[in-house]
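Report on the structure given below.
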Amino acid sequence: MNIFHGNILFSKNSRELAVYEDSYLVADHGKVEGIYAVLPEQYQGAEITDYGSGVIIPAFSDLHVHASQYVERGLGMDMLLSDWLNQYTFPQESRFADMNYARPIYDAFIDDMIRHGTFHACIFATIHREASSYLIRRMEERGLYGFVGKVNMNTGAPDYLRETVEESLLETERFLDEFKDNKTAKPIITPRFAPTCSEDLMKGLGTLSKKYHAGLQTHLVESRWEAEEAMRRFPGYQCDTEIYERAGLMDNGPVVGAHFIFPSEADIRILNRHGGFAVHCPDATTNIIAGIMGVSALQSQDVRVSLGTDVGGGHSLGLYTQIARSVQLSKLKWFYEPEQNKPIAFPHAFYLATKAGGSGFGNVGSLEKGYVFNALVIDGMADENIPLTPAQTVERFCYIGTTDNIKARYLNGRLIG
Ligand code: GUN
Ligand code: FE
C-alpha cells in the first residue's frame, strides 16, 4: 500500500476537473483505493510520501506516435505531407531493416516517452517485423500500456519500403501471433494509410483482424491530398473510412484514426458505428498537414476525440504540450470557421490527453477509485509570491513546463526512475 499527500487533480468529464487540495491518495496493489481530506483511522501511522505543493495527475495517453520517426524530430518541418514522407521519412524508416539501427532508437524512444510522462500509447513501428517485435517486447517488459503495429505498405511507396501482399500478411500474422498474450503492450493492425495499401492487402488484414481479435490504427482523412488519393485508389468507396469497414478491420478491437481532419458525414457515421477514436495531433497538423481538426464540432457529433503527438510529424514527445496547442488551435479554427466551431477550454483539452485517451487502454487516465495508479507529480511552476492553484500549476506546465517539472512518475503503483 502507498499513501501520498499533496494536491490531486484529474478529469471528471470533458467540462470539469476534480481537484482535491491538501489531500491524501491511497493506492493499493497498484490501484487507486481512495482520496481523503483527512486520513482515515485505519491508515494512521502508515508511511506517507509527501509531495507538498505538487499536483498528482494521471499519466498521459498518446494515441498516435511513430517510434520509428523519433530521430526525425524537428527536421523537414517546412514541407507538406507527401514531400516529407518521400524525402525524409521513407528513406529513414527503411533503415529499420537493420536491427543495429533499430534497437538504440526504440530504446531511446521508450525512455523519452517515459520521461515526458506518457505511459499509454498507440505506436507505429515500420514494415520490418523483427524491429517491430523488439519494440513491442521492450514496451511489455517495461510495463507500459500500448498498442504497437508492424506497418503494412505494398504500394504507393518506393521499392525499398514496400512489401508484397503475401509477405505483408505473413509477417503481420507472425507479429500478431507472437504477442497475442501480451498483458499491457498489445499488437494492432497498422495499414499505414489508404495510399500505401491495396484492396487485397486490406481484405487480407481484415481476415487477420477477425482471427486474432486485433484492432486497427491508421491515418484517416488526414489531408485533402490523402483523402483524394484514397478515393482515386479505391473507386466505388464513398469515403476513406469505408475502406477499413468493408475490409472488416473495424469490428475486432480498438479503432484509432489519426488526424480525421477532413471527414465527410459518411466518415463520421462509420467511425462512430465502431466506437473509433479520432486523434487530434496539433503539432503535426501545423507542421506537415495544414489542416485543423474541428474538435468541438466533432464532439457535438459524438466522435470520440483524443490527442497524439504524431512524432515525427510532430516534433515533441510531450503530450502535455499538445494540450496547450489544442486550445490554441481551437481558437484559430473558431476564428476562421465560427459557425461550426467553438474554442475549447483547458479542462477539455486535459480530458482529451488523460481520461478520453486512457479509455482505450483499460482503467487508466483517471485517479478515481479502481483506476491503475499511473500518475505524475507536477511541481515547480509557481513564481515567487504568486501562488498557483493546482489547476493553474497544471495549465502552466502544459504551456511552459519541461520534463524537469515532472517530479515523480508512478507506473502500476511503482515509482520509476
Ligand atoms: N500518413 C502516412 N504516413 C504518415 C506518417 O508517417 N506521418 C503522418 N503524419 N502522416 C502519415
Ligand atoms: Fe502519423
Anything in the range 181-199 that is under 21 Å from Tyr145 (Cβ atoms), touching a helix residue (DSSP H, G or I) at 6+ places or on another chain (Cβ under 6 Å) and not polar (S, T, N, Q)? List them, or say none. Ala185, Pro187, Ile189
For the range 158-195 the number of residues that are more than 22 Å from the chain's Cα centre (by Cα) and open to solvent by less than 10 Å² (accessible area, probe 1.4 Å) is 3
Which condition does Val55 not pass, out of (1) more than 16 Å from ligand 1 (Cβ to nearest atom); (2) in contact with a His (Cβ under 8 Å, 6 or more places away or on another chain); (3) aliphatic (A, V, I, L, M), if it passes all the others? (2)
Of Asp310, Asp302, the only residue that is buried (at least 24 other Cβ atoms within 10 Å of the Cβ), modelled with pLDDT of 95 or more, closer than 21 Å to Ala353 by Cα and of a type in the set (Asp, Glu) is Asp310
Can you tell me how many residues in the range 362-380 are surrounded by fewer than 24 Cβ atoms within 10 Å (Cβ to Cβ) and more than 13 Å from Leu9 (Cβ to Cβ)? 6
Please count how many residues of the range 20-43 are among the hydrophobic types (A, V, I, L, M, F, W, C) and surrounded by fewer than 17 Cβ atoms within 10 Å (Cβ to Cβ). 3
List pairs: first residue in the range 148-167 and touching a residue at least 12 places away in the same chain (Cβ under 8 Å), second residue open to solvent by 10 Å² or more (accessible area, probe 1.4 Å) and assigned to a helix (DSSP H, G or I) anywhere in the structure, Cβ distance under 7 angstrom, at least six positions apart or on different chains. Lys150/Arg129; Lys150/Glu171; Asn154/Val165; Tyr160/Ser94; Leu161/Ser94; Val165/Asp200; Val165/Gly204
Would you pick out the residues in the range 71-103 that are outside any helix (DSSP H, G or I), within 15 Å of ligand 2 (Cβ to nearest atom) and not hydrophobic (A, V, I, L, M, F, W, C)? Arg73, Gly76
Considering only strands (runs of 3 or more DSSP E) fully contained in the range 241-322, which possess at least 2 residues that are under 16 Å from Ala230 (Cα atoms)? 255-259
List, please: which pairs have Cβ atoms under 6 Å, are six or more places apart or on different chains, and start with a residue in the range 48-73 that is modelled with pLDDT of 95 or more and open to solvent by less than 10 Å² (accessible area, probe 1.4 Å) and end with one that is away from ligand 1 (no atom under 16 Å from the Cβ) and of a type in the set (Asp, Glu)? Gly54/Asp379
Could you count how many residues in the range 196-240 are away from ligand 1 (no atom under 16 Å from the Cβ), part of a helix (DSSP H, G or I) and hydroxyl-bearing (Ser, Thr, Tyr)? 3
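The values are calculated or read from the model by the stated rules, or taken from the named source; none is laboratory data. Keep in mind that what you see is a predicted model, and the values were worked out from it rather than measured. Cβ sites come from the backbone with ideal geometry, for glycine too, and all protein chains shown count toward neighbours. SASA here: full protein model, heavy atoms, side chains in, ligands and nucleic acids out. Shrake-Rupley method; radii C 1.70, N 1.55, O 1.52, S 1.80 Å.
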